[in-house]
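Written out below as structure tokens is the structure these notes cover.
The values are calculated or read from the model by the stated rules, or taken from the named source; none is laboratory data. None of these values were measured; they are calculated from a predicted model. Don't worry about glycine lacking a Cβ; one is built from the backbone with ideal geometry, like all the others, and counts go over all protein chains shown.
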Ligand SMILES: [Zn+2]
């Protein structure tokens with residue numbers, strides 16, 4: 001990310017880059033928080049193209065790829081038709097490159113996230129016939145679209161203990177991982193070669209497995 005900062009500083013000084021209206025005085029182009037990245041620019045084509053080239057350079061040097069499923073573009077003070085145009089230009093420039101989107105197939109070496117977008121597009125094609133959403137009479141809705149593309153597994157008896165509106169999301173996630181016995185406890189870390197001692201971190205007697213740590217360890221029984 002330090003490399004990205006340096007390249008951005010370089011191009012904004014040397015090229016005809018236009019700052020976001022509220023960032024010009026500070027010469028602010030980006031903010032980083034952990035692995036999240038916010039980029040600020042004026043919404044003109046020239047600045048966007050510069051930014052895309054900077055990101056392509058950064059990706060080639062670092063191997064880091066943008067996750068398009070987790071990425072968003074936010075506009076302020078830009079006409080709707082320009083927003084559409086910018087989004088279409090961006091996707092075309094990076095991925096589609098003028099091909100027919102309906103029949104488009106991602107390249108073999110495309111990123112996992114872009115292949116996922118294309119896979120969803122193909123799934124939607126199956127139920128979108130001559131401009132009509134065939135899954136429900138009222139037409140397309142987010143709910144029916146999501147139900148169509150999501151993986152469906154048999155309902156388990158414990159799901160309401162984990163996923164309900166009163167739970168803290170982080171707690172739900174950890175509980176879910178525990179029930180699936182997928183926490184990286186010592187019994188697993190030993191198999192991976194990360195450590196050699198698989199004894200419980202609390203009692204130091206028995207092997208640290210999910211069953212022991214959450215049900216059998218004397219500390220939990222006390
Ligand atoms: Zn123990």
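Only one entry in 183, 135 is surrounded by 11 or more Cβ atoms within 10 Å (Cβ to Cβ) and within 16 Å of the ligand (Cβ to nearest atom), namely 183. Assess whether residue 204 counts as being free of Cβ contacts under 8 Å to residues at least 24 places away in the same chain and within 16 Å of the ligand (Cβ to nearest atom). Yes; evaluated as a whole, the condition is true for this residue.
Looking at the stretch 176-190, is at least one residue within 30 Å of residue 125 (Cα to Cα) and free of Cβ contacts under 8 Å to residues at least 40 places away in the same chain?
Looking through the stretch 176-190, none of the residues is within 30 Å of residue 125 (Cα to Cα) and free of Cβ contacts under 8 Å to residues at least 40 places away in the same chain.
The condition (being away from the ligand (no atom under 16 Å from the Cβ), at pLDDT below 90, loosely packed, with under 13 Cβ neighbours inside 10 Å and not in a loop (DSSP other than H, G, I, E, B)) is satisfied by just one residue among 165, 152, 170, 160: 160.
Inspection of the stretch 31-39 finds no residue satisfying the criterion of being touching a helix residue (DSSP H, G or I) at 6+ places or on another chain (Cβ under 6 Å) and either modelled with pLDDT under 85 or surrounded by 12 or more Cβ atoms within 10 Å (Cβ to Cβ) (or both). Is the stretch 7-15 home to any residue that is outside any helix (DSSP H, G or I), assigned by TED's automatic domain parsing to the domain that holds residue 72 and under 17 Å from residue 74 (Cβ atoms)? Taking every residue of the stretch 7-15 in turn, none turns out to be outside any helix (DSSP H, G or I), assigned by TED's automatic domain parsing to the domain that holds residue 72 and under 17 Å from residue 74 (Cβ atoms). Residues that are in contact (Cβ under 8 Å) with a residue 24 or more places away in the chain and either surrounded by 15 or more Cβ atoms within 10 Å (Cβ to Cβ) or farther than 24 Å from residue 16 by Cβ (or both) within the stretch 56-65 comprise 58, 62, 65, listed in sequence order.
Inside the stretch 199-222, can you point out the residues that are surrounded by 14 or more Cβ atoms within 10 Å (Cβ to Cβ) and assigned to a loop (DSSP other than H, G, I, E, B)? Selection gives 200, 202, 203, 206, 208, 209, 217.
Taken across the stretch 190-198, residues that are away from the ligand (no atom under 16 Å from the Cβ), within 26 Å of the chain's Cα centre (by Cα) and surrounded by 10 or more Cβ atoms within 10 Å (Cβ to Cβ) do not occur at all.
Report whether or not residue 92 is without any contact (Cβ under 8 Å) to a residue 40 or more places away in the chain and closer than 21 Å to residue 59 by Cβ. Here the answer is yes, as residue 92 does meet what is asked. Would you call residue 218 under 29 Å from residue 159 (Cα atoms), without any contact (Cβ under 8 Å) to a residue 24 or more places away in the chain and within 12 Å of the ligand (Cβ to nearest atom)? Taking the combined requirement at face value, the residue satisfies it.
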